[in-house]
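Nothing in this text is a laboratory measurement; each read-out follows from the coordinates by a stated rule. Computed from a predicted structure; not experimentally measured. With ideal geometry, Cβ positions are generated from the backbone for all residues, glycine too; neighbour counts draw on all protein chains shown.
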Amino acid sequence: MTYSSFFYSEILAVFRRKQDVVNALVFFLLVITLFPLGVSPSKEFLQPAAGGIIWCAVALAVLMSVEGMFKEDFNDGSLEQLVVSGLYLPILVLLKLLVQWVSVIIPLLVLTPILSQMLFINWEILWVLVLTLLIGSPALFLIGTIGAALTVSLRRGAVLMLLIILPFYLPVIIFSTGAIAAAQVGQPYNGQLAILAAISLITLTLSPIMAAVSIKASVN
Amino acid sequence: MNWIWFHKLGSPKWFFQWANKWSKFAFFIGVLLLTIGVVWGLGFAPADYQQGNSFRIIYIHVPTAILAQSCYLGLGVAGIVSLVWRMKMAPVFIKAVAPLGAVMALIALISGAIWGKPTWGAWWVWDARLTSVLILFLLYMGVIAIQNSLDDMQLADKAVAVISVVGLINLPIIKYSVEWWNTLHQPATFTITAKPAMPMEMWLPLLLSTLGMYGFIAGVAMWRMQAEVLVREHRANWVKKEVLDNGI
């Protein structure tokens, strides 16, 4: 096994289990539907709240798609094979995550303009939203990986993972909705975007290593 | 009336041969009617006095919306049949029709959004009818998801049947949403009891395209069911013979 063959097999695996990606997207759509129905379908509520609604839904959908990331590999034993393969485990985690990120974020970005119409977001704000999604979502995936790796050996890992990981999502959500709110009132939002990028970069350096440690602990 | 032909459809073999005869018929009649209805509606029917030409999307929107609900009704009935009488063909029907219904619901939603822009000034409003059709679409996605996620076929069939039956609750909500709540969406285009509010020249192509859509979906559904029967019965002798003789 080489890095490229591993990468290729990961792409194949995602293609052959499209249902997982679809599930995350439908979940995303459902969470968004809850807000207009639960709070108020009026434009006065939805327009200012839309950025926050979409970001909360994205965070939950990402958690859902990341949660099962190592499950199959753990059950069929290929996770152990990755650990003993002699390749550097953090790189493997990163490659797996890259495939996962692309497979979720591209359909999500395609859905976003439609959803932003449903939530009455203006086109100028939509670009800010897409920017925050592009810059901020890697952090969501990277942080989520640590939780997924930690809870992979547990039978009811999903809830536990939510409890562990959601607090770490708060800064990402705060700064991305902050950027959107600033854009809505016409203020500069570069600062928030820069902080988002910083969070993504820090997690990019740290979380593959932490995830690798947790995978080794889970597999032992 | 003799019902034997209907009961025979419960057997995969009989269904397969029956569908061989009728699927092409339904499909081509459907496509023919759909083409006539849509061309007539888009090209020749008179324009609406309020909405002008933008109303013409009705010839896509209404047939797909009706089909989306009819498919779900079929899913629910098949779910009951599958749970109560355990007929072999009921889960096959559900598996074949759910994606078709989902596509119909999606087209209805999209065409509705396109229609809503010139008439209401918004692509989407959180209105009772629109939201309940969105939920219908999500129910379809749930059925498809559970079908694809469970590896055990018996369990998957049962789970899908249960979900289909439970989801039936949404149909009356969709149907009466325009009457129960104050909405932007206009009330039903077709009613059996009352005389249509539209003139004949606008109404007839709509009827044709709706019937055509039924035929089209029936044909495609039969093909999908045949394919599923072949997969499920791949050990049976008649399938082997069928494949060897007709080279499917």
- Task: Kindly check whether there is at least one residue in the stretch A:30-51 that is of a type outside the set (Val, Ile, Thr), part of a loop (DSSP other than H, G, I, E, B) and in contact with a Gly (Cβ under 9 Å, 6 or more places away or on another chain).
- Result: no
- Message: Taking the criterion of being away from every other protein chain (no Cβ under 14 Å) and not in a loop (DSSP other than H, G, I, E, B), would at least one residue in the stretch A:115-122 satisfy it?
- Response: no
- Does A:Phe70 satisfy the criteria of being surrounded by 19 or more Cβ atoms within 10 Å (Cβ to Cβ) and within 11 Å of chain B (Cβ to nearest Cβ)? no
- Query: Does A:Tyr189 satisfy the condition of being of a type in the set (Ser, Thr, Tyr) and more than 30 Å from A:Lys71 (Cα to Cα)?
  - Reply: yes
- Message: Against the condition crowded, with 16+ Cβ neighbours inside 10 Å, under 28 Å from B:Pro12 (Cβ atoms) and out of contact with any Asp or Glu (no Cβ under 9 Å at 6 or more places or on another chain), how does B:Ala227 come out, does it pass?
- Response: no
- Query: Within the stretch A:36-51, can one find any residue that is touching a residue at least 24 places away in the same chain (Cβ under 8 Å) and either away from chain B (no Cβ under 14 Å) or within 20 Å of A:Pro208 (Cα to Cα) (or both)?
  - Reply: yes
- Identify all residues within the stretch A:49-106 that are farther than 20 Å from A:Met1 by Cα and of a type in the set (D, E, K, R); write none if there are none. A:Glu67, A:Lys71
- Task: Hey, could you check the stretch B:75-112 for residues that are in contact with a Phe, Trp or Tyr (Cβ under 7 Å, 6 or more places away or on another chain) and either crowded, with 18+ Cβ neighbours inside 10 Å or part of a loop (DSSP other than H, G, I, E, B) (or both) and say which is farthest from the other protein chains (Cβ to nearest Cβ)?
- Result: B:Met89
- First in the stretch A:21-33 and facing chain B (nearest Cβ under 7 Å), second anywhere and buried (at least 19 other Cβ atoms within 10 Å of the Cβ) and of a type in the set (Ser, Thr, Tyr), Cβ under 9 Å, 6 or more apart: A:Asn23/A:Ser65; A:Thr33/B:Thr131
- Query: Among the residues of the stretch B:116-137, which ones are within 9 Å of another protein chain (Cβ to nearest Cβ) and assigned to a loop (DSSP other than H, G, I, E, B)?
  - Reply: B:Ala122, B:Trp123, B:Trp124, B:Val125, B:Trp126, B:Asp127
- Query: Looking at the stretch B:45-60, which of its residues are in contact with a Pro (Cβ under 9 Å, 6 or more places away or on another chain) and without any contact (Cβ under 8 Å) to a residue 12 or more places away in the chain?
  - Reply: B:Gly52
- Members of the stretch A:174-199 found to be within 30 Å of A:Pro90 (Cα to Cα) and buried (at least 20 other Cβ atoms within 10 Å of the Cβ), listed by number: A:Phe175, A:Ser176, A:Gln192, A:Leu193, A:Leu196, A:Ile199
- Note on the structure: Reported set for the stretch B:113-130 where residues are buried (at least 20 other Cβ atoms within 10 Å of the Cβ) and of a type in the set (Val, Ile, Thr) is B:Val125
